[in-house]
Amino acid sequence: MFICKTISFAAAICLSVLLTNGLTGCQSKGSATSETTTSSEKVAEKTETAPSSPDPEVKPADDVSGPIANAATILARPQVPILCYHQIRDWRGSDSKGAKDYIIPVASFREQMQMLADSGYHTILPDQLYAYLTKGAALPSKPVMLTFDDGDLDQYETALPILDKHGFKGAFFIMTVAIGRHGKQPYMDKAQIKDLSDKGHTIGAHTWDHHNVKKYQGDDWKIQVEEPKAKLEAITGKPVKYFAYPFGLWSHAVLPEIEKRGYTAAFTLADKRDDTMPLYTIRRIIAGGQWSAKTFYRNMNQSFDGK
Ligand SMILES: [Zn+2]
């Protein structure tokens, strides 16, 4: 297949395909909202999505020995809300309406994080989620996972200080072709990725140049899935165990390919999980840049409630 060799094209395709291919899979069922209120009211209604109270069935988080749960058991566990972010910056005049779903204004991101903190949420990382899903390990009360795709520089410069304010940690899925890229939409360099890792955030892979995993053949698996893992491991000095599908696109046939290349789990967007390999189809929703805080809270809980 055609493999893009230029950084600029890869970066362009990353966003442009997101915006033009009718990617309804990016959005949760409850996300198609036109609500535009800017209410910052604190919503502290119901929903504790995953168990937090003492439970004889719940193992301590450090118990990672023995066999892991089967697919049916994993699918039966309450889902942890997982949010996906891309660019964290104020909108520009040239940003299309569709683009704004992938660009969250700084004030909106700050408001969403404040709401999570005020509502008692605790961020968890992929290792904790994996232990919960496979071993029944305990999670903190009101768990949520924050994930950031592509490796945009504003995730480091803008989002990180806001995460730090609340003691939140996130998972960052890096598109390796763009590491250190400068330009209108710059990307994190190696030192910044290492710094995130050193500070306790998780670094995951998001392919080399953001091509659709469903179309890989021949050397694509090496270029898009194996080499980015090795590169990120060299940067961070840690194993890279988690993968996020570009555009959230996957098929049943690609799941064993991801698994056999050493990834422990992989993240989609709002699709239904695979019946036999749920660890490789962990759901996320894109937290809309046009959502009010109230809409954010409602969509986050509805999307992960009972599926
Ligand atoms: Zn992406």
Let me check I've understood the local charge: for residue 234, count other residues with C-beta under 11 angstrom from its C-beta, Lys and Arg +1, Asp and Glu -1. What total comes out? +3
A correct Karplus calculation of ³J(HN,Hα) over the range 294-302, with 6.51 cos²θ - 1.76 cosθ + 1.60, θ = phi - 60°, whole Hz and x for Gly and Pro, returns 5, 5, 3, 5, 5, 5, 4, 6, 5
What value in Å³ per residue do you get for the convex hull of the alpha-carbon atoms in the range 244-307? 87
XL table 199/229; 190/272; 100/238; 169/229; Cα-Cα > 25 Å flagged, in table order, is 190/272; 100/238
Long-range amide H partners of residue 103, meaning residues 5 or more apart or on another chain whose placed amide H is closer than 5 Å, are 289
Which of the trypsin sites (Lys or Arg not before Pro) found in the range 165-229 are in a DSSP loop and have at most 10 neighbouring Cβ atoms, other than their own, within 10 Å? 184
In the range 231-276, the trypsin sites (Lys or Arg not before Pro) that sit in a DSSP loop and have at most 13 other Cβ atoms within 10 Å of their own Cβ are 272
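Throughout, read-outs are computed from the coordinates displayed, never taken from laboratory work. Note that the structure is a prediction, hence the values are computed from the model and not measured. Note that each Cβ is placed from the backbone with ideal geometry, even for glycine, and that neighbours are counted across all protein chains shown.
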